[in-house]
């Protein structure tokens, strides 16, 4: 057995293995280092002998491939920090101190405990006990045998050995065995004692910033940016797992929940009883009696506390993978001082070498949504240089012309799958095959070992032709994963893909009834009978192809909108930018420098010039969206611009919403009432004024309007901004007193360097909580700010020449736009993407994308990456000449429709429309390209006029009848 | 069409190094916009770090 890296070392696997259950490719691999035949030069060959398809080839050798490519994208990911290097956490010595990844595997249903939450010290307890007992009984038997030979008791044997045993072979052997038995008895006693105290974890601690924000014991000065969120998530899930309650405590320095809806998740976690303790733990000690762990820490009030936990989870940070330095040298790209790829804020996915792009953690520590955004951005950036060679190396998939089977009586073929042993170990597949032969309209039945394998697919094409099949039923696994594969094979056989039906006899039979083969087999027959009955009724459905208008409409002319337009333009696609104001630039017009010190106005100036000079981009200023209609590939939008009444109608294939956001005007802290109180950009504007230039003290107040009940989200960029400005003030005048009043400092990622720099320069950080917000007063010659210091625990009074408020970032008036484009808005009023992690720039409405601040507050580098991503996602549509519309859509029988409009009301996609067919006579018609086939209209329709194709009442009810008849 | 076939001297293929969630997304977007992709992964399956996660924020849904 080999340590299983997939299970973070907590389980074992064999030398021939599948990386994980759902691995893609779904194939076994030989780990040659641990293979007896390949790595150890021994005779084995068992796997080749037992493989039914002859897939094992020991002669395969490593090959060198020369690839010619137009661009390279590096996405080598991260390496989790190894806490074994620190002795403080005792990770190497104590089994119940685990890393966060190990904890993920302990929670996972596919992990070493099948999702049963257990302590690692007790993971192998049962097996160890059994092994010790077995070993001991074997030793006792051998000892008895030897004692019998001499006819002596154990005590007598010992005396004999002492006097004469050393030269006698049998006596020597007896002595060795007796020693082994004593050892094993001791071990058994220890294991039994351990079993007495064994228990599920009831109290777990998470320790944050292990290998992050740490320059004493390692060189990772940066914040890994993801650990606060994953610790909260693990604590929430662990609490769900534990049947009789679980105490969870997270020990942290600053809680960095800065992403979209992260703060709300943090709030919910606090409400659910997860304890958050602001303290960095420096020692983890063992409690030997019960394998518990003792943490010593200092509370906020300065008390030393010692507390025991059943388990400790180390929230380890992300590092650039160790091979990266060699790879970077080989590729000739620069890395930064933390070994992440060096990039500019204005070209966040471009490395120092043209044509080589980067995304994910290799670019810098980050979470999944930003990794996915950058991945699309890197694809967009790579494609920008290659558009002249688009489609030159890819083959377009073509299918034979469909055979019209509508007039034919059903000829159904049934294919019953063994799925290796996955189905056949429980369900008697041969019986199901025989049964299927007896069903009406079935003309052919076949048993397959693996229906999804390539050879089985090829055979399916042949059989469909030979047997002249016009419906196919496959009884196998889940249609969710495999229906598209079989449907494609049908299309390869000149059949419409909707003439396919799948019965899931794996999940619903062999898996859930693993202990009852008879019932599982009967149920498999029932499912096949139901599918066959429906298959006789299903009909081919048209999948109309509609041409794509190869241009984009981009709403918003800020950095995000302009970058997405340029990314598309370089790929040869036209776009129209619709900007509300009289100039391009948006929020970036107010920014001076990025956190890395790059000049924003210089970049912006060039960007605007580039956009204006680009023939593929049309810019409309003072513009407003009046109306929009259509569907993916074929939108039509009416826009007014430059204050004229004349309207312009724009046809476009995709829409990108990049409408930005704004900082609020605070109602507190004398904002607007004192010229000494600024927000954000107003400080930059006043930078060279006498007030700021001659000031001897300055105060920054964080979270003004953010992370409060009425606006729970974190505005993400304010901590970095204030810390950066504080450093700049100190640079100009080192004697100045600069205070930052904060709740948590959220300088995530490599921005942490800036925070360290601010502290080094003597910027004073004072933490406050929402119950004791700072109080600003106007006094003669300046401001007076009173705040309760969290270390001194009493009010301190600061004199300030000016104060800067980090006011919340929010969107303005996006509800109307959201309604026009039929896209949702989140609770905190930002556009809501279809999937936060996996589709971070897509809306549920096909062909509509989002980027920039309208998605969530973010710094300029992330806005640019997201804009490139939106363009890349849009290009996947614009690159197609036409797109196929799904056939499973609603349909209205106009003879039954009375035009009540119920379907129009319930449809979330705006697909049904009431059309006047005669005076005052309305009927509903479905715009098929907009319909998602959800069936809401069919449910709402009072007359039965609306129905959904492929799942109409007749097709569904016949299955119900088949289920109930014998 | 041969491997070295080009348009204007430009090669319509991209090499993606690393088959985690970022590599997979980049590969899919490129393939879907008309470029041939070589996806390189050192392990026996794609998926990377995300495939090891149990559940993910915010819906606590399965990471698979």
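Coordinate-derived values only; no laboratory data. This is a predicted model, so every value here is computed, not measured. Using ideal geometry, Cβ is built from the backbone for each residue, glycine included, and neighbour counts are taken over all protein chains shown.
Observations on the model:
- Counting neighbouring beta carbons within 10 Å and listing from fewest to most, the residues A:752, A:12 come out as A:12, A:752.
- Whole-angstrom gap from the range A:825-859 to the range A:303-364, using each part's C-alpha centre: 26
- Each of A:649, A:894, A:501, A:447 has some number of other Cβ atoms within 10 Å of its Cβ, and from fewest to most they run A:649, A:894, A:447, A:501.
- Value at 222 nm in deg cm²/dmol, rounded to 500, when DSSP H runs of n ≥ 4 in chain A each add -39,500 (n - 2.57): -9500 deg cm²/dmol
- Global form of the range A:122-197, assessed from the alpha-carbon gyration tensor, a/c cut-off 1.5: prolate
- Cα gyration tensor, the protein assembly as shown - rounded (a/c under 1.5), prolate or oblate: oblate
- Counting beta carbons within 10 Å around each of A:821, A:103, A:768 and listing the fewest first gives the order A:768, A:821, A:103.
- Gyration tensor (alpha-carbon) shape descriptor, the range A:810-891, a/c threshold 1.5: oblate
- Between the alpha-carbon centres of the range A:89-159 and the range B:39-60 there is a gap of 33 Å.
- Taking every residue in A:875-886 and counting other chain Cβ atoms within 10 Å of its Cβ, the average works out to 2.
- Look at where the Cα atoms of the range A:497-524 and of the range A:455-471 average out, and the two centres are 23 Å apart.
- Taking the Kirkwood radius as Rh and the Cα radius of gyration as Rg, the range A:322-389 has a ratio of Rg/Rh equal to 0.97.
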